[in-house]
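Have a look at the structure below before the remarks.
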Amino acid sequence: MTNGWVDIKNTDLMLIMGGNPAENHPCGFKWAIEAKRNRNAKMIVVDPRFTRTASVADKFAQIRAGSDIAFLGGMIRYAIEKERIAKDYVVNYTNAGFIVSNDFKLPEDEGVFSGFDEKAQTYDRASWNYAGAAPAQNKPGAPPALPLMPEKTEFDPTLQNPRCVFQLMKQHYSRYTPEMVEKVTGIPQAKFVELAEMFTSIREKGDMKKVATIIYAVGWTHHSFGTQIIRTAAMLQLLLGNVGRAGGGVNALRGHSNIQGATDMAGVFDTLPGYLKVPNPADGSFDGWMKRITPKPSKPGNWDSFNYYGNTPKFAVSMQKAFYGDAATKQNGWAYDYLPKVDRNYSWVQMWDNMYNGLVKGIFAFGMNGVAIGPDTKKNIDALKKADWLVVGEIYPDETSEFWMSPGITADEQKKIQTTVYRLPCAGFAEKDGTFTNSARWLQWKNAALPVPPGCRLDQDIVAQIFLKVRELYKKDGGKFPDPILKLAWSYTNPASPSLAEVLKEINGKTAVDVEDPATKAQLKAGNQLPGFAWLKDDGTTSCGNWIYCGSFTEAGNLTARRDASDPSGMGVHQNWAWSWPANRRVLYNRASCDLDGKPWDASRRQVWWSEATQKWVGNDVPDFKADSKPADHMGPFIMNAEGVGRLFAPLGAFADGPFPTFYEPIESPTDNLLHPKQTHNPIAKKFKSAADKYGTSQDGYDIVCTTYRLTEHYHYWTKNNPMNVQLVPEPFVEIPEEMAQERGILGGDRVKVESARGEYIAKAMVTKRIKPMQINGKKTYQIGIPIHWGYRGIAEDEGKTAKTPANMLSPAVIDPNAFTPEFKGFLVKVTKV
Amino acid sequence: MSQATLRVQKISGHAGSVPGEDTQRQYTVAKLVDTTTCIGCKACEVACVEWNDMPFSPTTFDNTYQTMPETRWNYWNLILFNEHEKEDGSLMWLMRKNQCMHCAEPGCLAACPADGAIVQYTNGIVDFQQDKCIGCGYCISGCPFNIPKFNKETKRVYKCTLCTDRVSEGLEPACIKACPTGCLHFGSKEDMLVLAEQRAKQLKDNYNFPNAGVYDPKGVGGTGVIYVLHDATQPELYGGLPSNPTIPLMVKLWKGPLKWLGNVAMVGGLIGLFVHYLRFGPKDRDDAPQEGAKP
């Protein structure tokens, strides 16, 4: 979240789309209700179904799963057309006035941006740049590099230049008319206009007082263009001047209690902790790597840009010191050679595809149920059959640890499976201490509530003991490259059971020498914990496992364990409750909550402001800005971008599939792409080519749009083992529209079979008014929904009450080119009564 | 909230004075359920089952998100889910937390013939005392909300206690504590009515619900659970909430005029007997049955 859970209470208007927080985040949803109760805030919900969230919304529209960009693009067009944009904000805090390279071309009818190589199905992104950039300098032998952004960008403050970002954007979304939105999304024009009118009304006559927020979850990420849906929302929020402001922002609700922490700590293969980009083989050296990933400012000449990622070498050197301690020296390029170099896609679906193809021989499955959570369950089960070994750390027997129990595998076949399975009983969440990082970026320490049951072990103990054993083997037997293992820093009091408090201290980092801050004269002694990332150095005197977590465990102690609920400003900042990254800041980009002179847009919601008296930025929150940058210097509020401003146009390598989001149909869709007739799907979304990977079409009879989701009564694939949850919702089901049920003679409670090109799912029908038939491109189209919580192990399953078909038997293996997330939503199926 | 032990103000099937009557007054307590901010998450259901240590009872899929069709002897708090299509074609998904309403004039208590099996405390909580329950089930027919449920094994009837154990210690009921959105409130009836009216006004003024209102039916003397409804003119939409619940006529007659008549008849009979005795004296031994007439 750019903002935080509690901050939602400050909003005037919510657009909740791609998420169902009342269902999946009922506790956090409290703040949405608070905004309604205390501020008379309005709530718009757009979803494929009338959800629990919709039940308390002021306006609801049913959208076809996967058509979100068409809807949001229509909103952008509407806001521009009705001049409901935050003019000063857009001109000064976004790149709207930046002039774009003449080589850049919009997709128009072709459906692809400039630089598309049709044969290779890839983009050369060199033209996705501002005007005036020098061509790329390619090293012989290395893969082609992208050019840099120009140091000084051309700029038109009137936004009239036809090659400026604003005009290109206006042109790009000009085809997203209400008529078009209706045909693509199924939302009637009048309804769409009603919603667009309400949402943009907060900028009526350009008044800046009101604030709207956009709230989403995996309903936006689970698409072959998921990242671009979120981009579209961010652009809309920038246009309306809602980013950086209390009650505003673009707010991702994370689906697990610590999924934010997982991504912060490099849960994705192409990042290191703190979102540093991983090195690749072409970088060659630490310096080469730093050169590629450290941006230089790029801005209009008379503006200033903080370009905070200019500090990347400090973050990276300190991280290497945390990883390798004394073994990381200036001479050996801070142990650059020890880091793995990523030369290809190692994302989730790709790994399982590699296992299916015999390339990956084994897998450690901890904290997740791999078979059930990935797309195309059958392919994943077949992949495990081919693996040599599988290690599962779990608290229940599950679909992964007992993959051979999947329906359709006979006793004879079971005997032929040669995979060696190691099942390690782990500790449950209540048996561990440590931090959860929530959606609001708060690190909250928790204590263990119960002892670990006999025979079970903590996850960190298992990992540590495996590491120690591997290190011992390397010591004894040597190996091709033992150094990264032998020289790894492992200075925990109990190496076989590292305390998580010690790990957090290590992540926070410390200084190796006495040091004084020249500005504040604050002093640290050698060995002191660092108070924040401003202290990080690139000379090897500081260590820090994750720069964005620096400041969480200081000499003052474990700040994540703080529980002071006081809130002097009344704005839900709660500065002394737990600790929020970065720098205990609660709302990101909060400089943008002020006008050019540093005065809050809305005096009743003061977050930060420029103090003339102290010549500093001060406030109720920690200013997300250079503390002494005078408003007159015109430093951009988006300090993590080299431009210092928000990107309506995302240049160069920022996104794989285009600098502006444009609408593509899901990989399986019931209609042509009306916005880009020549290019139906995201041209660079990755489909897979194994025998298991089949994609259906409406011509083959797969003509119903299917989406998948969770229920509040269950937690993923766990609670099917808990009688209380099973009592609340006992069995799997399929939600189908009343009209469709009538046509097919299906009554509520009848068993139905849902088939996709990949597999089938059998469950009872829930016939409901909450999903209506839609008119898509003039054709009546049905949409159905499936909650995902069941499989072949659990109370109902073991009692033989279900068909034991996991929901992901149906979903396709295809991934978004930026985040590599599979398309769990908006695929095609057929439905028959069993 | 008083920390003192709960005091009884009404007792079922009981003649004579109520022990401790008028020695101490307490606030009448009430739950406020704002159906317009309920998201049907069932946290209250779970909290109720867990706090009261209820055994799990199996459920089956029934074409709804609702856990079970109606409350059970061991499931006292149930959210009712109703899909309602408005005249303009738009949809409402109404969710109402259903439980004992703790009526000021409880039909169950009126109907109960067992001395002390149902009591009403001075704070308004209506509570079943299973050790005195005779399992006749009259309370079930006396309730206009279909709440008390019979347990075939124990032959007793059960329902929500409004967490008397918690309330008497100054805590809110378990369901209230568990509610994540704050759609549930607990306090004095007076305060809850103020809150409810404020919310109803807000719904009328700002959220386009001209018929928003508070449900506190007079037919049962008002209730210890009051609702804010989007449309107070149609409470039936919310899982059949009766628009004007009353104590069933039979119970009223039985415990009112009929009871009086019965008493008159009984006392009259006794008086008649006495008068007859005075006038005609004891029955004559000569009328004793003859030998051999006994079968």
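The values are calculated or read from the model by the stated rules, or taken from the named source; none is laboratory data. Just so it is clear, the model here is predicted, and its values are computed rather than measured. Positions of Cβ are backbone-derived with ideal geometry, glycine not excepted, and every protein chain shown enters the neighbour counts.
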Per the filter on the stretch A:329-380, residues under 26 Å from A:Thr542 (Cβ atoms) and in contact (Cβ under 8 Å) with a residue 24 or more places away in the chain are A:Thr329, A:Lys330, A:Gly333, A:Trp334, A:Ala335, A:Tyr336, A:Asp337, A:Tyr338, A:Leu339, A:Pro340, A:Lys341, A:Val342
Residues within the stretch A:494-511 that are surrounded by 17 or more Cβ atoms within 10 Å (Cβ to Cβ), more than 28 Å from the chain's Cα centre (by Cα) and part of a loop (DSSP other than H, G, I, E, B), tallied:
1
Quick one: A:Ala196 ticks every box in (1) assigned to a loop (DSSP other than H, G, I, E, B); (2) among the small types (Gly, Ala, Ser); (3) at pLDDT 95 or above bar one, so which box is it?
(1)
Just one listed residue, out of A:Asp326, A:Asp388, A:Asp287, A:Asp382, is in contact with a helix residue (DSSP H, G or I) (Cβ under 8 Å, 6 or more places away or on another chain) and among the acidic types (Asp, Glu), and it is A:Asp382
What's the total number of residues in the stretch B:87-111 that are away from every other protein chain (no Cβ under 12 Å) and either at pLDDT below 95 or more than 30 Å from A:Ala22 (Cα to Cα) (or both)?
10
Six or more apart or on different chains, Cβ atoms under 8 Å: show the pairs whose first residue is in the stretch A:6-29 and within 14 Å of another protein chain (Cβ to nearest Cβ) and whose second is surrounded by fewer than 24 Cβ atoms within 10 Å (Cβ to Cβ) and acidic (Asp, Glu).
A:Ile8/A:Glu34; A:Lys9/A:Glu34
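Residue-by-condition table, conditions (1) within 22 Å of the chain's Cα centre (by Cα); (2) not hydrophobic (A, V, I, L, M, F, W, C):
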| residue | (1), (2) |
| --- | --- |
| A:Lys764 | no, yes |
| A:Ala807 | no, no |
| A:Ala819 | yes, no |
| A:Phe824 | yes, no |
Only one of A:Lys694, A:Lys689 is without any contact (Cβ under 8 Å) to a residue 60 or more places away in the chain and either acidic (Asp, Glu) or in a loop (DSSP other than H, G, I, E, B) (or both), namely A:Lys689
Looking only at residues that are within 12 Å of chain A (Cβ to nearest Cβ) and in contact with a helix residue (DSSP H, G or I) (Cβ under 7 Å, 6 or more places away or on another chain) in the stretch B:63-76, which one is nearest to A:Ala765 (Cα to Cα)?
B:Thr67
Just the residues that are under 27 Å from A:Pro178 (Cβ atoms) and either assigned by TED's automatic domain parsing to the domain that holds A:Asn682 or polar (S, T, N, Q) (or both), please, taken from the stretch A:82-109.
A:Thr94
Residues that are within 12 Å of chain A (Cβ to nearest Cβ), over 29 Å from A:Lys769 (Cβ atoms) and of a type in the set (Gly, Ala, Ser), drawn from the stretch B:27-56
B:Ala47
Can you confirm whether the stretch B:2-14 contains a residue that is surrounded by fewer than 18 Cβ atoms within 10 Å (Cβ to Cβ), of a type in the set (Lys, Arg) and either outside the structural domain of B:Lys159 (by TED's automatic domain parsing) or modelled with pLDDT under 90 (or both)?
no
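Conditions tested, residue by residue: (1) within 30 Å of B:Asp88 (Cα to Cα); (2) not in a loop (DSSP other than H, G, I, E, B).
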position	(1), (2)
B:Gln198	yes, yes
B:Lys201	yes, yes
B:Asn211	yes, no
B:Val228	yes, yes
B:Val251	no, yes
B:Asn263	no, yes
Looking only at residues in the stretch A:675-725 that are among the aliphatic types (A, V, I, L, M) and buried (at least 17 other Cβ atoms within 10 Å of the Cβ), which one is nearest to the other protein chains (Cβ to nearest Cβ)?
A:Leu711
When you scan the stretch A:88-101, how many residues do you find that are in contact with a Ser or Thr (Cβ under 9 Å, 6 or more places away or on another chain), part of a helix (DSSP H, G or I) and of a type in the set (S, T, N, Q)?
0
Can you give me the number of residues within the stretch B:32-64 that are without any contact (Cβ under 8 Å) to a residue 24 or more places away in the chain and polar (S, T, N, Q)?
5
Within the stretch A:295-304, how many residues turn out to be out of contact with any Asp or Glu (no Cβ under 7 Å at 6 or more places or on another chain) and surrounded by fewer than 17 Cβ atoms within 10 Å (Cβ to Cβ)?
2
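Residues being closer than 18 Å to A:Val729 by Cβ, away from chain B (no Cβ under 11 Å) and buried (at least 22 other Cβ atoms within 10 Å of the Cβ): count how many of those fall in the stretch A:755-768.
1
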Just checking, does the stretch A:436-449 include any residue being out of contact with any Lys or Arg (no Cβ under 8 Å at 6 or more places or on another chain), surrounded by 17 or more Cβ atoms within 10 Å (Cβ to Cβ), of a type in the set (S, T, N, Q) and at negative phi?
yes
The condition from (1) under 30 Å from A:Val829 (Cβ atoms); (2) β-branched (Val, Ile, Thr); (3) assigned to a loop (DSSP other than H, G, I, E, B) that A:Ile85 misses is numbered (1)
Quickly run through the stretch A:540-592 and pick out the residues that are part of a loop (DSSP other than H, G, I, E, B), among the hydrophobic types (A, V, I, L, M, F, W, C) and within 24 Å of A:Asp514 (Cα to Cα).
A:Cys544, A:Cys550, A:Ala556, A:Ala583
A:Thr560 meets each of (1) closer than 30 Å to A:Val278 by Cα; (2) surrounded by fewer than 18 Cβ atoms within 10 Å (Cβ to Cβ); (3) in contact with a Phe, Trp or Tyr (Cβ under 9 Å, 6 or more places away or on another chain) with one exception, condition (2)
